[in-house]
Every structure is written in structure tokens, then in C-alpha cells.
Amino acid sequence: MTLALGLMSGTSCDGISAALVRFHGRSLRVLAEQTQPYAAAFAQRLRQADELAAPALSALNMTLGELFGHAALRLLKRAGIAPRRIAVIGSHGHTVYHGPRDRIPSTLQLGEPAVIAERTGLPVIADFRMRDIAAGGGGAPLLPAFDEAFFGNGPVRAMQNIGGIANVAVVGRGLRPLAFDTGPGNCLIDLLAQQASRGRLRFDADGHLARRGCIDRRAVARLWRHPYFRLPPPKSTGRELFNAAWLRDMLGPRYAAVPADALATLTYFTAYAIAESLKRFAPKPPRELIVSGGGVRNRTLMDHLTSLAAPARVRSIERYGIPAQAKEPAAFAWLALRTLQGRVNHLPHTTGARRARILGAMTPRAP
Ligand SMILES: Nc1ncnc2c1ncn2[C@@H]1O[C@H](COP(=O)(O)OP(=O)(O)OP(=O)(O)O)[C@@H](O)[C@H]1O
Ligand SMILES: [Mg+2]
């Protein structure tokens with residue numbers, strides 16, 4: 001039995017998700033978890049961090065390190081567990097830049113591990129993506145290794161995460177895991193919710209706004225025409241393809257005039273792109289979609305997904321004892337544990353890397 005703590009800050013810039021996990025062989029239990037929201041102004045700065053000059057970027061790395069360290073300590077305090085009982089912290093960091101297809105491939109996650117180690121007194125594993133890039137991979141996705149380890153020995157299932165971007169890993173007994181980004185997740189929904197509420201809302205809580213609007217089926221067909229959806233996996237995407245400009249073009253005048261309709265259409269489309277992508281590309285039809293990420297809490301999105309993915313069943317990962325926003329940090333806790341043990345935590349065929357590696361760089365515990 002081993003305890004590990006995972007930290008994650010995702011593309012939505014919503015906050016730091018932390019999970020304290022107990023691992024025992026091939027089973028795990030999330031003992032405590034929390035998403036600590038960023039202050040609105042800080043989240044805004046984080047979204048524009050790729051434009052910062054070196055001094056500001058360097059300072060941001062330290063600030064995020066402090067915030068991650070705090071998030072870890074706060075979670076341990078809440079769980080009533082002394083830091084010394086934790087074997088390792090796995091920290092994904094916050095991605096400021098990801099350019100695996102650039103002339104010089106690179107990726108940059110901030111949140112200084114030395115600061116996290118200093119504040120918590122624990123060893124920290126970070127920079128998981130870098131090693132994959134150095135080994136010729138795209139630096140993502142890294143979660144399929146976790147999905148395979150904990151869900152790979154059952155029926156065919158789609159491990160669907162709905163974060164800023166939606167991504168899936170199809171796993172099952174006898175199946176080589178297939179992973180890819182299905183398309184937009186919460187990031188565009190958040191954008192429309194912010195516009196519809198003139199900045200009052202950060203996201204469409206429980207999918208309330210989307211439920212009030214009318215779905216424009218013709219716009220759904222236009223959105224689905226994006227060439228990304230026809231590309232065979234493995235593939236990944238981000239805001240460079242799915243952004244406000246694209247949405248404005250596809251939704252037409254209703255984009256600005258009837259925000260509730262725009263949100264209803266986009267929310268439906270987000271579920272549609274997931275269900276259709278699985279029909280198109282899953283090596284075998286999944287019996288179940290196990291959904292994680294903040295998108296699980298959007299009821300309208302989950303209802304659409306349930307009807308569109310049938311006959312596959314759609315279930316939140318909470319049914320398997322993992323709170324929806326704790327999956328990613330829990331996975332990084334596990335990846336870090338493997339690094340510490342010197343064991344492979346990598347599925348190179350899902351990223352395009354040359355061979356299996358032990359991902360992650362370690363900052364040791366203080367002597
Ligand atoms: N109660 C809720 N109702 C609707 N949506 C919610 C709710 N709570 C969270 N969300 C959505 O979840 C998002 C955050 O999800 P999550 O933390 O999984 O994404 P992320 O940080 O972008 O991670 P990733 O790296 O996977 O993209 C929020 O931006 C919001 O859209
Ligand atoms: Mg998040």
C-alpha cells in the first residue's frame with residue numbers, strides 16, 4: 001500500500017486539481033481531492049502566458065510552484081494525513097506552450113518542482129511530457145498508460161475525458177489501446193457561457209443555459225465538416241483549430257444574437273463529436289463510455305452523450321470511485337509512483353515515441 005499525491009492544472013485554467021490516492025497493486029482509492037479555483041485575474045494571465053517575456057515567465061514558474069505546493073499541503077491537511085506518509089508527488093504543471101510539430105519540437109509546463117519539494121518536504125516528479133518529446137513522441141496523451149493499467153483488463157471501454165479539449169482512450173482485454181483527441185471539450189462552452197452572461201459566469205453550471213436554448217441542426221452539420229474530424233487517429237488538437245473565430249463562422253448570426261441557442265448547439269455538438277468519432281474510429285465498439293473531467297458536471301452535455309452514444313452506456317468515472325476532476329491528478333500520482341520505482345509509465349504507440357520510456361524528472365526529498 002502506497003500513498004501518492006497528484007497535481008494538475010488543465011487547459012481551461014480553472015484551477016489546480018489535486019488528488020491524494022492510495023495504491024494497492026492494481027487497485028486505487030482516492031482518499032481526498034479538491035479543485036482549488038484560480039482567482040479570475042490570475043486565470044486570465046495564465047491564458048495569455050505564452051506571450052510573456054522570459055523574466056515574467058520565470059516568475060510565473062515560481063508562483064505556480066508556490067500555488068501547487070499550497071494545494072498539496074491543503075489537501076493533506078484536509079485529509080488529516082502527515083506529509084511524510086506520502087511516497088511522492090506527481091505534478092503535471094501548467095502547459096504554457098505545446099509545440100510537438102514545430103521545427104524544433106518542444107513543450108513547456110510551469111510550476112517549479114523544486115518549490116513544491118521545498119514547501120512539502122516531498123520528492124516531486126514533473127516534466128512528464130518532455131521525455132516523450134525527446135524520444136520522438138508528441139508529448140501527449142499520457143493518460144492511456146493509466147487507463148490501460150486500471151481499466152485495460154475488462155470489456156472494451158472508452159475512457160473519455162472532457163476537459164478543455166475532449167480526449168479518449170479505447171481500452172479492453174486483448175486490445176491495443178487507441179487514444180486521440182475527439183475535439184472541443186469545455187473550452188468553447190466556457191467561452192460562450194462567459195459571453196452569454198457578460199462575464200458573470202465562468203462556465204455553464206450544470207448545463208442550465210444550454211438546456212434553455214434551441215439546437216440548430218444545420219449548424220451542427222457545419223461544425224462536423226471540420227477536416228479534423230476526418231483525420232484518422234492518433235491525432236491531437238487545441239485552440240489553434242477550435243476557437244472563437246471558427247465558432248462564429250459556423251454558428252452564423254445566432255452566435256451573437258441568441259447566446260442560449262449558440263450554447264445549446266455547441267453543447268449538443270460537443271457530445272455529437274465524441275459519439276461520432278468513437279463510431280468512426282474505435283477499433284471495436286465500446287460497451288461503455290467512462291467519462292471524466294469537469295464536463296461530467298454539465299448535465300445537458302451528459303444527457304446528449306447518453307442518447308448519442310447508445311447502445312454504449314455512458315457513465316461517470318465516479319461510479320468507479322474516482323471523482324470526475326480527480327482522474328487526471330490521480331493518474332499523475334500513479335505515473336510518478338512508477339517513475340520512482342523505475343518502471344515504465346508510457347505507451348509509446350499512443351504518442352509516436354520511439355520506445356517505451358520512464359517519463360518524468362525527479363526532484364528528490366531534502367536529505
Ligand atoms: N458544475 C459544473 N457544471 C458545468 N461545467 C462544469 C462544472 N464544473 C466544472 N465544469 C467544467 O469543467 C471545466 C474544467 O474541467 P477540467 O478541470 O477537467 O478541465 P481542464 O482543467 O481544462 O483539464 P484538461 O487538461 O483535461 O483540459 C470547467 O472549465 C467547466 O467548463
Ligand atoms: Mg482543470
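The values are calculated or read from the model by the stated rules, or taken from the named source; none is laboratory data. In this text, all values refer to a predicted model and were calculated from it rather than measured experimentally. With ideal geometry, Cβ positions are generated from the backbone for all residues, glycine too; neighbour counts draw on all protein chains shown. Ligands, DNA and RNA are excluded from the accessible area calculation, which covers all protein heavy atoms including side chains. Shrake-Rupley method; radii C 1.70, N 1.55, O 1.52, S 1.80 Å.
Checked against (1) touching a residue at least 12 places away in the same chain (Cβ under 8 Å); (2) more than 16 Å from ligand 1 (Cβ to nearest atom), G174 passes all but a single condition, namely (1). Would you mind stating whether P105 is more than 16 Å from ligand 2 (Cβ to nearest atom), touching a residue at least 24 places away in the same chain (Cβ under 8 Å) and either in the same structural domain as N345 (by TED's automatic domain parsing) or under 27 Å from S27 (Cα atoms) (or both)? Yes; evaluated as a whole, the condition is true for this residue.
Consider E328 carefully, then state whether it is in contact with a strand residue (DSSP E or B) (Cβ under 9 Å, 6 or more places away or on another chain), within 16 Å of ligand 1 (Cβ to nearest atom) and open to solvent by 30 Å² or more (accessible area, probe 1.4 Å).
Values: in contact with a strand residue (DSSP E or B) (Cβ under 9 Å, 6 or more places away or on another chain): yes; within 16 Å of ligand 1 (Cβ to nearest atom): yes; open to solvent by 30 Å² or more (accessible area, probe 1.4 Å): yes.
Yes, satisfied.
This table checks each residue for (1) of a type outside the set (A, V, I, L, M); (2) crowded, with 20+ Cβ neighbours inside 10 Å; (3) closer than 27 Å to F151 by Cβ.
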residue: G207; (1), (2), (3): yes, yes, yes
residue: R217; (1), (2), (3): yes, no, no
residue: F229; (1), (2), (3): yes, no, yes
residue: W246; (1), (2), (3): yes, no, no
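If you filter the range 272-310 down to residues that are in a helix (DSSP H, G or I) and of a type in the set (K, R), you find that the one that is nearest to ligand 1 (Cβ to nearest atom) is R297.
Quick grid of which residues meet (1) in contact (Cβ under 8 Å) with a residue 60 or more places away in the chain; (2) closer than 22 Å to C187 by Cβ:
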| position | (1), (2) |
| --- | --- |
| Q48 | no, yes |
| P55 | no, no |
| R85 | yes, no |
| H94 | yes, yes |
| G121 | yes, no |
| A145 | yes, no |
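Looking only at the range 87-122, filter to residues that are farther than 14 Å from A366 by Cα and assigned to a loop (DSSP other than H, G, I, E, B); which one of those is most open to solvent (accessible area, probe 1.4 Å)? Show your work before the answer.
Going residue by residue through the range 87-122, those that are farther than 14 Å from A366 by Cα are 90-112.
Cutting the leftovers down to assigned to a loop (DSSP other than H, G, I, E, B) gives us 100-105, 111-112.
Values: P100: 28, R101: 173, D102: 62, R103: 217, I104: 113, P105: 63, G111: 6, E112: 49 Å².
Filtering first and then ranking leaves R103.
Residues that are touching a Leu at 6+ places or on another chain (Cβ under 9 Å) and either more than 16 Å from ligand 2 (Cβ to nearest atom) or open to solvent by 50 Å² or more (accessible area, probe 1.4 Å) (or both) within the range 6-45 comprise L20, V21, R22, F23, L31, A32, E33, Q36, R45, listed in sequence order.
Scoring R319 on the criteria (1) farther than 19 Å from P144 by Cβ; (2) surrounded by 17 or more Cβ atoms within 10 Å (Cβ to Cβ) leaves a single failure, condition (2).
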